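Participant: Shown below is the structure under consideration.
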Amino acid sequence: MLHFLAAAPESPVCALMRELCFTLAFIDDGALHLVLARLEIDPERNGGQRSRENQYSLSHYNASIGVVKDRLESTGLAVHEAIIGVVVNLASYDLFTDNFTRWKMHMLGLQKMIQYRGGIHSLNSRYLRVTATWTNLVGSMAIDQDPYFALDQADLNKARHLQDSAPEEPLDVLQRDYPDSAGITVLLKLLLSLSNLVAGKSELGLSQDLALMETLHAIVYITLTLPRYNERAIDSDDPLSSIEATYEAFRLAMILYLSGPVMFVAGNKFSNPVASHLSWKLSKLLKAHIIDWTGLEQAELFVLAFGAVTEVGCGRHWMIVQLNHTIVERGLRWNVLMDNLRSMAWVDIVWSANLNKLGDDLTHASGS
C-alpha cells in the first residue's frame with residue numbers, strides 16, 4: 001500500500017508505517033523478516049517500477065507468518081501490540097502485492113484481536129491506530145466492502161457536521177429536479193466538504209495535514225457504509241432500476257475518485273490498488289444500464305471523467321468515447337469540464353497528472 005523507504009516530504013501515514021516497521025524489527029523477528037520482504041519488492045529500489053513478489057520476499061514473508069503463528073499459539077487473542085503491529089504490516093504487504101485473499105485473512109485476524117482489546121481506539125500506539133486504519137481503508141475501497149474497523153462516534157459526528165455545512169448552491173438543481181437522489185446528495189456533500197477543507201493549501205501543507213487525514217478517513221468510511229448495488233449491477237438477470245443504477249454509478253465513481261486523495265495521504269506514488277481492482281465495475285454498470293442524467297449533468301461528467309482516468313485498456317477507451325460524446329453534445333470545452341469538476345471536488349494535485357492525460361486523449365479523440 002505504502003512506499004516503504006524514506007522519501008521527503010512524506011505523508012503522515014507513510015512516515016508512521018515506515019517507523020512502525022523498523023521499530024518493531026528491533027524487537028520482533030517476525031517484523032524483521034517482514035521488513036526484509038518489503039525491501040525486496042519496494043519500488044524505491046527498482047527505479048519506480050512496481051515490483052512483483054519473488055522467492056526472496058516470499059521466503060521472508062512466510063518466516064514472518066511462522067513467528068506470528070507461534071506467538072498466537074501461546075497467547076491467543078490477548079496479544080501484545082507488537083504482534084498486532086506485525087499483522088498490520090502483513091496486511092499492508094498483501095495490499096502491496098495485490099493479494100486480497102491473504103489481506104482478508106489478516107484483516108479478519110486483526111479485527112478479532114483488536115475487538116478483544118476494546119476496539120481500535122483502545123490501542124496505545126498511535127502508529128498502530130493510524131496504520132491499521134489506512135490498511136483497512138485502502139483494501140476495503142479496492143474490493144468495495146464495509147471497513148473492518150468502525151469509525152469512532154466522535155470522528156463520525158465531526159464528518160457529519162462537515163458534510164452538513166457544505167454549501168447548498170451546487171445541490172439546488174439536483175434536489176429540485178431529481179428528488180430521489182438522497183444517496184447522491186450525501187456523496188456530493190462529502191465531495192464539497194473535502195474540497196472546502198483543502199482550499200488554498202499547498203501540496204506540501206496538504207501532505208502533512210493531520211486534519212485532512214482524519215477527515216478523509218471519515219469521508220471514506222461514510223462512503224463505504226452507504227448502500228451498494230454492485231452485485232446486482234453485474235447480474236444481468238436482476239437489473240437495477242434507473243434510480244438505483246444512477247446512484248450506484250455515482251457511488252462507484254466516488255470511491256474511484258477518493259482513491260486519489262487516499263493515495264496522496266498514504267504516500268503511495270507508484271500504484272493505485274483501488275482503481276486497478278474497482279474501475280471495471282463502473283464501466284460494466286454503465287454499459288449494462290441506460291441512465292437518464294437529466295438534472296444530474298454535473299454528476300454525469302464526474303462519473304465519466306473519473307471512470308476514464310482510472311480505467312485501462314478497452315474500458316478506458318470506451319469511457320473516453322462516452323465522455324467525448326457528452327462534451328460535444330453539450331458544447332463544452334476542456335477548461336469548462338475542469339471548472340465543473342473543480343466546483344464539485346478537490347481535483348488539483350491529487351488527480352492533476354491523470355486529468356492532463358485525459359485532456360490529451362480527449363483532444364486526440366476529437367480530432368480522429
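The values are calculated or read from the model by the stated rules, or taken from the named source; none is laboratory data. All values reported here derive from a predicted model rather than from experimental measurement. We place every Cβ from the backbone using ideal geometry, glycine too, and count neighbours over all the protein chains shown.
Participant: Scanning region 324-342 for residues that are surrounded by 13 or more Cβ atoms within 10 Å (Cβ to Cβ) and under 23 Å from the mean Cα position of the chain (by Cα), which turns out nearest to residue 197 (Cα to Cα)?
Facilitator: Here the residue is 341.
Participant: Step by step: first the residues of region 79-93, then only those that are in contact with a Ser or Thr (Cβ under 8 Å, 6 or more places away or on another chain) and under 14 Å from residue 273 (Cα atoms), then the one that is modelled with the lowest pLDDT. Which residue is that?
Facilitator: Ranking the candidates gives 92 first.
Participant: Looking at this structure, is residue 145 on the phi < 0 side of the Ramachandran plot and at pLDDT 70 or above?
Facilitator: Criteria met by residue 145.
Participant: Does region 288-295 include one or more residues that are under 24 Å from residue 262 (Cα atoms) and either part of a helix (DSSP H, G or I) or modelled with pLDDT under 90 (or both)?
Facilitator: No, there is no match, as no residue in region 288-295 is under 24 Å from residue 262 (Cα atoms) and either part of a helix (DSSP H, G or I) or modelled with pLDDT under 90 (or both).
Participant: May I ask you to list the residues in region 198-211 that are assigned to a helix (DSSP H, G or I) and at pLDDT 90 or above?
Facilitator: 198 - this is the single residue of region 198-211 that is assigned to a helix (DSSP H, G or I) and at pLDDT 90 or above.
Participant: Going by the structure shown, is residue 189 at pLDDT 80 or above, surrounded by fewer than 15 Cβ atoms within 10 Å (Cβ to Cβ) and basic (Lys, Arg)?
Facilitator: The answer is no for residue 189.
Participant: Go through (1) crowded, with 17+ Cβ neighbours inside 10 Å; (2) part of a helix (DSSP H, G or I); (3) in contact (Cβ under 8 Å) with a residue 24 or more places away in the chain; (4) not basic (Lys, Arg) for residue 244 and report which single condition fails.
Facilitator: Every listed condition holds for residue 244 apart from (3).
Participant: Any idea which residue in region 85-120 is farthest from the chain's Cα centre (by Cα), counting only those that are touching a residue at least 24 places away in the same chain (Cβ under 8 Å), assigned to a helix (DSSP H, G or I) and loosely packed, with under 15 Cβ neighbours inside 10 Å?
Facilitator: Looking at residues that are touching a residue at least 24 places away in the same chain (Cβ under 8 Å), assigned to a helix (DSSP H, G or I) and loosely packed, with under 15 Cβ neighbours inside 10 Å, I get 116.
Participant: Among the residues of region 264-279, how many are surrounded by fewer than 17 Cβ atoms within 10 Å (Cβ to Cβ) and closer than 24 Å to residue 324 by Cβ?
Facilitator: Total meeting the criteria: 1.
Participant: Pick from region 121-141 the residues that are part of a helix (DSSP H, G or I) and of a type in the set (A, V, I, L, M, F, W, C): which of them is modelled with the lowest pLDDT?
Facilitator: It comes out as 128.
Participant: Name the residue that is nearest to residue 214 (Cα to Cα), counting only residues in region 254-287 that are part of a helix (DSSP H, G or I) and among the polar types (S, T, N, Q).
Facilitator: 259
Participant: Ok, one more. Name every residue in region 197-228 that is more than 18 Å from the chain's Cα centre (by Cα) and among the charged types (D, E, K, R), in order of residue number.
Facilitator: Listed by number, the residues that qualify are 201, 203.
Participant: Is at least one residue of region 129-138 under 16 Å from the mean Cα position of the chain (by Cα) and small (Gly, Ala, Ser)?
Facilitator: There is at least one residue in region 129-138 that is under 16 Å from the mean Cα position of the chain (by Cα) and small (Gly, Ala, Ser).
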